[in-house]
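The values are calculated or read from the model by the stated rules, or taken from the named source; none is laboratory data. Please read these numbers as outputs of a predicted model, since none were measured by experiment. Please note: Cβ atoms are built from the backbone with ideal geometry, for glycine as well, and neighbour counts cover all protein chains shown. These area figures cover heavy atoms from the full protein model, side chains too; ligands, DNA and RNA do not enter into them. Shrake-Rupley method; radii C 1.70, N 1.55, O 1.52, S 1.80 Å.
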Amino acid sequence: MKTRYFKTGLLFAAIGMLFTACDSDRDDNPTLGPSNTPTEFVLNASPLSEQYIYISKDNKLNLTWSQPNYAFNVPVNYYVQVGVVDNGTTKWNVDDNGQPQFLDTSYETCSAALSGEEISQAINHVDGITDENNWVDPGYREIAFRLYANVQTTTKTVIDGTGIYSNAVTFKYMRPDNSIKGLASLYVIGNCSGWTEPAKGNAETLAAWRIMETEIGSNIFHGTFEMPAGMLQFRFYSKLTGWDGGDSYGTQVDDAPIVCNFDSNGAFTGAAVVGKGSWEFDDFPGGTLDITVNKNKNTVTFQIVQ
């Protein structure tokens, strides 16, 4: 059989999709949670698994899978984890604390065209490459993929007992480009920043209103800002996709502020959710505000710097 090489710009073809059927007539009225933890979740093997594949910013890789066997049909969130196979052992992409690290893009259907850039970033992270200047072409190697699925509430809270990993599939000869994932950021959007729309055209203006990850993939963001005295109101955006881009992060889902108060030490700690609710502090004294956002725990901490 002739070996084929897949180069930049080629969209890998998918060959089908599997869907799980679900009985609608049940007498036991099932619910999600630990009592109905799924046990089956299949990621399909690819017809390209033994071909030479060059992954780059300009191409995509198609994968298909079946929905986990939850008790009934339900919207599912899917996350992709990449690993490097060495002598039969897979080293999965994890953060500095050993927690699973997934591709930036998540999915809600049983198929996806994965970003070549995100795949390369994941492979290079497994290899410990954090600077493009230190990147060395590793050549073609065996690369593994698996999925993690869960079910979430409307506020993006994971329902206990719904998480499950799929089987792993591998591509025998895959080679990444030099894409390196940098620190993620959150934009502080509010009256402090003039309520400037979080749109791509305003990227330069809003660059000064970003808080950065403490380290790549940590999902913990920190920064300090000089805030004006008076009523202070703001929320966060992870991407510049406009007011309705779905990337807002605040006090509640609804687009309405919630009045909050600092304690006697000038500190505030509270919960955060995916939504447009803003934090509002009346009679802010003005000065430096230290901001920490922990998206792993969905919490925020604001501290007035004395």
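Couple of notes before you dig in:
- Residue match in the stretch 113-122 (condition: surrounded by fewer than 19 Cβ atoms within 10 Å (Cβ to Cβ), part of a strand (DSSP E or B) and under 14 Å from the mean Cα position of the chain (by Cα)): no
- Of the criteria (1) surrounded by fewer than 21 Cβ atoms within 10 Å (Cβ to Cβ); (2) touching a strand residue (DSSP E or B) at 6+ places or on another chain (Cβ under 7 Å); (3) of a type in the set (A, V, I, L, M, F, W, C), which one Trp135 fails: (2)
- Entry remark, the stretch 80-96: residues being more than 16 Å from Asp127 (Cα to Cα) and open to solvent by 50 Å² or more (accessible area, probe 1.4 Å) number 1 in total.
- Enumeration of residues in the stretch 207-228 that are part of a strand (DSSP E or B) and over 15 Å from Leu183 (Cα atoms): Thr224, Phe225, Glu226, Met227
- For Gly161, the conditions (1) within 30 Å of Pro257 (Cα to Cα); (2) touching a residue at least 12 places away in the same chain (Cβ under 8 Å); (3) in a loop (DSSP other than H, G, I, E, B) all hold with the exception of (1).
- Answer from Ile189, Ile258, Ile180, Ile211 - the residue that is at pLDDT below 95 and among the β-branched types (Val, Ile, Thr): Ile180
- Complete set of residues in the stretch 252-268 that are open to solvent by 30 Å² or more (accessible area, probe 1.4 Å) and of a type outside the set (A, V, I, L, M, F, W, C): Gln252, Asp254, Asp255, Pro257, Asn261, Asp263, Ser264, Asn265
- Just so you know, in the stretch 188-210 the residues that are open to solvent by 70 Å² or more (accessible area, probe 1.4 Å) and small (Gly, Ala, Ser) include one that is nearest to Trp243 (Cα to Cα), and it is Gly201.
- Taking each residue of the stretch 186-201 that is under 16 Å from Phe284 (Cα atoms) and looking for partners that are modelled with pLDDT under 95 and open to solvent by 30 Å² or more (accessible area, probe 1.4 Å) with beta-carbon atoms closer than 7 Å, six or more apart or interchain, yields Cys192/Pro228.
- The stretch 272-287, residues that are open to solvent by 70 Å² or more (accessible area, probe 1.4 Å) and in contact with a strand residue (DSSP E or B) (Cβ under 6 Å, 6 or more places away or on another chain): Asp282
- Residues located in the stretch 221-246, provided they are aliphatic (A, V, I, L, M) and surrounded by 14 or more Cβ atoms within 10 Å (Cβ to Cβ): Met227, Leu232, Leu240
- For the stretch 138-154, the count of residues that are touching a helix residue (DSSP H, G or I) at 6+ places or on another chain (Cβ under 9 Å) and open to solvent by 60 Å² or more (accessible area, probe 1.4 Å) is zero.
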